[in-house]
Amino acid sequence: MDDTAPDTSAASRPPGTFSRVTLELGPDDKPMKLRYAGTCRLCGTPLPAGVDAVYERSLKTVRCVECPIEIPTPDVGTAGASARREYERRKDNRERRIRENHPKLGGLILALSDDPQSTRAWERGAVGEELMAQRLSDLPDTFRVLHDRRIPGTRANIDHIVTAPSGVWVIDAKRYKDKRPALHVEGGILRPRVESLRIGGRDGMKLVDGVRSQVERVVAALDGAEVPVTGVLCFLEADWPLIGGSFAVNGIDVTWPRALIKRMVDRPQDALDVDAIHTRLASTFPSA
Ligand SMILES: [Zn+2]
């Protein structure tokens, strides 16, 4: 056998690169003769009015009954990848600088000193996202997860986006070892109630505002589809009290991995088209 010939059999392709050509009909799908011309959401084939096609109710999109070409499945991304890249970049820069400035003692200086706190913060963040991704891998197989997504036109990333049959969850993973997240409330009787997040006594509202703007971007990407979107700040290794703990600040859930997964799984499961939403979000927010 000539093993230099390209092997095009399905078994030789990387796993998960292609999805089935004919998708099963989900509860969100309506087979129909199209009243208006459209374009297949999956393969881009024009679908003239009058042909048999599948209407996807929640996203108001259409697709072929059977796509004529194979459809790549979305790149789900690698948790923590961009934070880890930034950590490596800073670490390498520092090493190079020290070796250039101290040709003889550079190695010794590096051995005896740590990376600055600002560099280590990137590694701590990457590890947090990796740990969160491990927890998310326990979700039921009706759920889809995207990791480390870029928000086009900004320098911001979204750590994780989970699409469940009940809605979308936008998750920011934070690793604050031994710090206690707490809800701080002012006013409420004579003055307007003002909620804020404290982390180990310090103001954490920048984190809440960050997740709120990520949620806005995701809602915009869903373009009017009736899909609930929930923003979450998920603290790993934090010092949560034994009783209570989880709360919301300005509409953003503040919680820890196990409690979050339980919430996502326990929420009554709707009939959303998980794959259609997942694919849309994967293309709007590319892998970072
Ligand atoms: Zn198609």
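The values are calculated or read from the model by the stated rules, or taken from the named source; none is laboratory data. If you're wondering where the values come from, they're calculated on a predicted model, not measured in any experiment. Positions of Cβ are generated from backbone atoms using ideal geometry, with glycine treated the same way; all protein chains shown enter the neighbour counts. When the accessible area is computed, the model is the full protein with side chains, heavy atoms only, and any ligands, DNA or RNA have been set aside. Shrake-Rupley method; radii C 1.70, N 1.55, O 1.52, S 1.80 Å.
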Notebook entry, point to check: Glu226 to Glu100: FRET efficiency via 1/(1 + (r/R0)^6), r the Cβ-Cβ distance, R0 51 Å, to the nearest 0.05?
Noted result: 0.30
Note to self: Sort Arg63, Arg258 by heavy-atom solvent-accessible area, probe 1.4 angstrom, most to least.
What the structure shows: Arg258, Arg63
Check: Which of Pro192, Thr255, Ala53 sits closest to the plus end of the dipole of the chain, meaning its Cα is farthest towards the positive end, when Lys and Arg get +1 and Asp and Glu get -1 on the C-beta?
Finding: Pro192
Next item on the list: Along Cα→Cβ, 7 Å out, is where each label goes; now give me the distance between the ones at Ile109 and Arg202 in nm to one decimal.
Entry: 2.8 nm
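Tell me, what is the FRET efficiency for Ala259 and Thr73 to the nearest 0.05, using R0 = 35 angstrom and their Cβ-Cβ distance as r?
Efficiency at R0 = 35 Å is approximately 0.70.
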Notebook entry, point to check: From the backbone phi of region 190-200, what are the Karplus-calculated ³J(HN,Hα) couplings (6.51 cos²θ - 1.76 cosθ + 1.60, θ = phi - 60°) in whole Hz, Gly and Pro given as x?
Noted result: 8, 10, x, 6, 10, 9, 8, 9, 10, 10, x
Note to self: If you scale each eigenvalue of the Cα gyration tensor by 5 and take the root, what three semi-axes come out for region 54-135, rounded to whole angstrom and sorted largest first?
What the structure shows: 48, 15, 9
Notebook entry, point to check: Using unit Cβ charges (K, R positive; D, E negative) and no other charged atoms, how large, in debye to the nearest 20, is the dipole of region 108-237 about its Cα centre?
Noted result: 400 debye
Item checked: FRET efficiency for Ser213 and Arg35, using Cβ-Cβ distance with R0 set to 41 Å, rounded to 0.05 -> 0.60
Next item on the list: For region 168-226, state which GluC sites (Glu not before Pro) are in a DSSP loop and have at most 12 other beta carbons lying within 10 Å of their beta carbon.
Entry: Glu226
Notebook entry, point to check: Could you name the lysines in cross-link range of Lys179, using Cα to Cα under 20 Å and dropping any fewer than eight places away on the same chain?
Noted result: Lys206
Notebook entry, point to check: So what's the angle, to the nearest 10 degrees on a 0 to 90 scale, between helix 117-136 and the longest Cα principal axis of the chain?
Noted result: 40 degrees
Margin query: Just to confirm my numbers, what's the Cα centroid distance between region 82-158 and region 200-268 in Å?
Written below: 23 Å
Check: In cubic angstrom, how much convex hull volume per residue do the alpha carbon atoms of region 136-288 span?
Finding: 139 Å³
Next item on the list: Would you calculate a helix-derived [θ] at 222 nm for the chain, using -39,500 (n - 2.57) for each DSSP H run of n ≥ 4 and dividing by the full residue count, to the nearest 500?
Entry: -9500 deg cm²/dmol
Next item on the list: Using only Cα atoms, find the angle between the long axis of helix 205-221 and the longest principal axis of the chain, and express it within 0 to 90 degrees, rounded to the nearest 10.
Entry: 10 degrees
Checklist line | With eigenvalues of the C-alpha gyration tensor scaled by 5 and rooted, the chain, Å | finding: 40, 30, 16
Margin query: Would region 93-198 count as rounded, prolate or oblate if I go by the C-alpha gyration tensor, calling it rounded below 1.5 in a/c and otherwise prolate when a/b exceeds b/c, oblate otherwise?
Written below: oblate
Item checked: Cα long-axis angle, helix 81-101 against the chain (0 to 90 degrees, to the nearest 10) -> 40 degrees
Note to self: Can you compute the modelled spin-label distance between Glu24 and Ser246, with each label point 7 Å from Cα toward Cβ, in nm?
What the structure shows: 2.9 nm
